[in-house]
Amino acid sequence: MELLSWRNGWVSIREVASYLVQIDDGELEEGVDDREDGVLQDLDEVMQEVEARSDACGVGYPFSQYSGGLLTYDNSKTRHPQSGIYCYLLLATRLNMAEDRTQAGLDGTQLFEQLAAPILCNYLGRRSCSFVFGTSAAKRPFPDRINALCRALGEGEGFESLGGRVPSAGDDKLDIVAWTPFTDSLPGKIIVFGQCKTGTHWHDDVGQLQPDAFRNNWIRKPFGTPPVRAFLVSEAEDRLRFAETVQRTGLFFDRCRIVDSCVQVDEELAGQIANWTEAAFSRAGRMLG
């Protein structure tokens, strides 16, 4: 519904119901009236979700809901940087990011890792720091990234492989690290190890990153305080299972929480995200027909 509203300027809940009951050749299936009534009933829940997203994102939600089941794309809101982030995350969820991740010469999944840095820093506070560790930084060898991370943290001493094994994984599921330092530079501070996922197929991956195991496998010395696990996704999580999800993910950022935390993003990164979003929107428009 959001994509259709974005493309057309507005969309009604009945139009979405009709869209959902069409078959590939554009003709309506037999029994469409009964089926459309069922879809309309389901879409009542969709409008409740729209309201919840609007409340969670505030000025960052680029759509407005009106009585009668009408959703409009609000041009006045789109001038706000956070709404641009919402649109990027919407496309990074609905497109096939295995096939369509690269738009305008930019990798949308790598942009998400870079976006995770200011998101976690904004959440942790103004003194916080970050280190992008994942595929967007993978041109550097894995041990070199570990050494650089330990220097930035002032803890861990550096790379050391448990058992002497050479790492074969690009990042061992670690995409972003953020922390809040103290002026004394002594060990013992909040450190967050985060994993990022675009698309919709991420629920089975929430346990992949294990900060303690990562440290034991690749870092010479323990940190003063064990790292906290975080999981960031481009999708807006279903509120009915939100409590269950956070039990499995640790510190959890879905689309709405990312937009809510996105109070400051580097101008260059924001420009890259805008360029990717513009190209990806053209791709999504062709998919919608």
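The values are calculated or read from the model by the stated rules, or taken from the named source; none is laboratory data. Everything quoted here is computed from the prediction, not taken from an experiment. When we count neighbours, we look across all protein chains shown, and the Cβ atoms used for this are built from the backbone with ideal geometry, even at glycine. Please note that ligands, DNA and RNA were not included when accessible areas were found on the heavy atoms of the full protein model with its side chains. Shrake-Rupley method; radii C 1.70, N 1.55, O 1.52, S 1.80 Å.
Within the stretch 265-289, residues that are within 18 Å of Met1 (Cα to Cα) reach partners that are open to solvent by less than 60 Å² (accessible area, probe 1.4 Å) and acidic (Asp, Glu) with beta carbons closer than 6 Å, at six or more positions or on different chains, in the pairs Arg283/Asp100. Among the conditions (1) touching an Asp or Glu at 6+ places or on another chain (Cβ under 8 Å); (2) of a type in the set (Phe, Trp, Tyr); (3) not in a loop (DSSP other than H, G, I, E, B), the only one that Phe223 does not satisfy is (3). Is there a residue being closer than 16 Å to Phe253 by Cα and in contact with a Gly (Cβ under 6 Å, 6 or more places away or on another chain) anywhere in the stretch 187-198? No, every residue in the stretch 187-198 fails to be closer than 16 Å to Phe253 by Cα and in contact with a Gly (Cβ under 6 Å, 6 or more places away or on another chain).
Those helices (runs of 4 or more DSSP H) of the stretch 1-106 in which at least 2 residues are under 20 Å from Ala236 (Cβ atoms) and at pLDDT 95 or above, considering only elements entirely within it, cover 32-57, 81-94. Listed by first and then second residue, the pairs linking a residue in the stretch 79-108 that is closer than 16 Å to Leu4 by Cα and among the charged types (D, E, K, R) to a residue that is assigned to a helix (DSSP H, G or I) and open to solvent by 10 Å² or more (accessible area, probe 1.4 Å), with Cβ atoms under 8 Å apart and 6 or more places separating them unless they lie on different chains, are Arg94/Leu3.
Only one of the listed residues (Phe253, Phe281) is under 18 Å from the mean Cα position of the chain (by Cα), within 17 Å of Lys197 (Cα to Cα) and among the aromatic types (Phe, Trp, Tyr). That residue is Phe253. Selection of the stretch 107-118 for residues being of a type outside the set (A, V, I, L, M) and either open to solvent by less than 20 Å² (accessible area, probe 1.4 Å) or not in a helix (DSSP H, G or I) (or both) yields Asp107, Gly108, Phe112, Glu113. Scanning the stretch 119-139 for residues that are closer than 14 Å to Asp172 by Cα, surrounded by fewer than 19 Cβ atoms within 10 Å (Cβ to Cβ) and free of Cβ contacts under 8 Å to residues at least 40 places away in the same chain yields one hit, Ala138. Out of everything in the stretch 123-143 that is at pLDDT 95 or above and assigned to a helix (DSSP H, G or I), what residue ends up being farthest from Gln264 (Cα to Cα)? Looking at residues that are at pLDDT 95 or above and assigned to a helix (DSSP H, G or I), I get Leu124. Condition check for His201 on (1) without any contact (Cβ under 8 Å) to a residue 40 or more places away in the chain; (2) farther than 30 Å from Arg94 by Cα; (3) open to solvent by 30 Å² or more (accessible area, probe 1.4 Å): one failure, at (2). Say whether the condition of being in a strand (DSSP E or B), surrounded by 14 or more Cβ atoms within 10 Å (Cβ to Cβ) and of a type outside the set (D, E, K, R) is met by at least one residue in the stretch 204-216. No: the stretch 204-216 contains no residue that is in a strand (DSSP E or B), surrounded by 14 or more Cβ atoms within 10 Å (Cβ to Cβ) and of a type outside the set (D, E, K, R).
The residues of the stretch 44-95 that are surrounded by fewer than 15 Cβ atoms within 10 Å (Cβ to Cβ) and basic (Lys, Arg) amount to a single one, Arg79.
Looking only at residues of the stretch 166-213 that are closer than 20 Å to Arg151 by Cβ and among the β-branched types (Val, Ile, Thr), we find that the one that is nearest to the chain's Cα centre (by Cα) is Ile176. Of all residues in the stretch 144-169 being open to solvent by 40 Å² or more (accessible area, probe 1.4 Å) and in a helix (DSSP H, G or I), which is nearest to Ala116 (Cα to Cα)? For the stretch 144-169, the residue satisfying everything is Ala152.
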